[in-house]
Amino acid sequence: MLLPDVEKRKFIYSSKNALELNENSELIAEYMNDSFDEFLSAGTTGKYIDMENGSEIFADWIIQSYKNKQAEYIITNDFIIFPIEKIGQYFDITAKYRIKRSGSGTVGKKNIKAVSEYIKQNYNINSVEMLGKKFFVNSSAPMSNIRFTIGENEYMFSLRDENYYEIRRLSNTFNANVIFSVKIKNNQQGMSRQEFISVLEN
């Protein structure tokens, strides 16, 4: 996470990050500091980090992160195998700074009554029911991903089956992160399975 310090007009490397501050993280933060206002307003859509030698810097950051986890190889969905050090040769790597919501949870026992009354008054709901800690509704209207707010909490209809939705309470926690995206380059061969087996055996 890179957290904005509005008073100092710079991005601070969070102490909660699993990987310790390194040269690549410093270079990314310095680049973002030069356009502080633009990155500060990136929101959930995000803003790409289009810095000079960005692909190499991002690749080195990923390599260090995986080495920190003692990973040595990457295997793609197509079973292309290669050493982690060569990730920049096999993938196009981009980075974006954006705000990421930390997830969702159940409605919560203390909120059930208020949520039930609200959706009955404002939406075309056939029935409501509790299954364990989860709150479900049946509606013939298309409700998927519709959001509503009660007090300080935001909720969403999540489709679970035809006309059947779970009400989820969205997190109020927003984390500011640099998100790396990788796209495998065309015509990559990687190590053969036999080569990979030989390395593991030695």
Got at least one residue in region 58-71 being out of contact with any Phe, Trp or Tyr (no Cβ under 9 Å at 6 or more places or on another chain), exposed (fewer than 11 other Cβ atoms within 10 Å of the Cβ), touching a residue at least 24 places away in the same chain (Cβ under 8 Å) and in a loop (DSSP other than H, G, I, E, B)? no
Within region 1-26, can you find the residues that are hydrophobic (A, V, I, L, M, F, W, C), out of contact with any strand residue (DSSP E or B) (no Cβ under 7 Å at 6 or more places or on another chain) and open to solvent by 50 Å² or more (accessible area, probe 1.4 Å)? Val6, Ala18
Just the residues that are closer than 30 Å to Ser41 by Cβ, open to solvent by 30 Å² or more (accessible area, probe 1.4 Å) and part of a strand (DSSP E or B), please, taken from region 73-121. Asp92, Thr94, Lys96, Arg98, Ile99, Lys100, Arg101, Ser104
Only residues that are closer than 30 Å to Ala59 by Cα, hydrophobic (A, V, I, L, M, F, W, C) and modelled with pLDDT of 90 or more: list them for region 135-183, please. Val178, Ile179, Phe180, Val182
Looking only at region 167-187, which residues are open to solvent by 50 Å² or more (accessible area, probe 1.4 Å) and in a loop (DSSP other than H, G, I, E, B)? Asn172, Thr173, Lys185, Asn186, Asn187
Exclusive hit being within 30 Å of Gln188 (Cα to Cα), at pLDDT below 95 and not hydrophobic (A, V, I, L, M, F, W, C), set Gly88, Gly43: Gly88
Could you list all residues from region 122-162 that are small (Gly, Ala, Ser), within 23 Å of Asn172 (Cα to Cα) and part of a loop (DSSP other than H, G, I, E, B)? Ser144, Gly151
Do any residues in region 102-120 that are touching a residue at least 60 places away in the same chain (Cβ under 8 Å) and closer than 16 Å to Leu170 by Cβ have Cβ atoms under 8 Å from those of residues that are of a type in the set (Phe, Trp, Tyr) and surrounded by 11 or more Cβ atoms within 10 Å (Cβ to Cβ), where the two are at least six apart or on different chains, and which pairs are they? Ser102/Phe174; Thr106/Phe135; Val107/Phe135; Val107/Tyr155
Given (1) touching a Phe, Trp or Tyr at 6+ places or on another chain (Cβ under 8 Å); (2) among the hydrophobic types (A, V, I, L, M, F, W, C); (3) farther than 25 Å from Ala176 by Cα; (4) without any contact (Cβ under 8 Å) to a residue 60 or more places away in the chain, Met51 misses just (3)
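The values are calculated or read from the model by the stated rules, or taken from the named source; none is laboratory data. Since we're looking at a predicted model, the values are computed, not measured. When we count neighbours, we look across all protein chains shown, and the Cβ atoms used for this are built from the backbone with ideal geometry, even at glycine. For the accessible areas, the whole protein counts, side chains as well, though only heavy atoms, and no ligand, DNA or RNA atoms are used. Shrake-Rupley method; radii C 1.70, N 1.55, O 1.52, S 1.80 Å.
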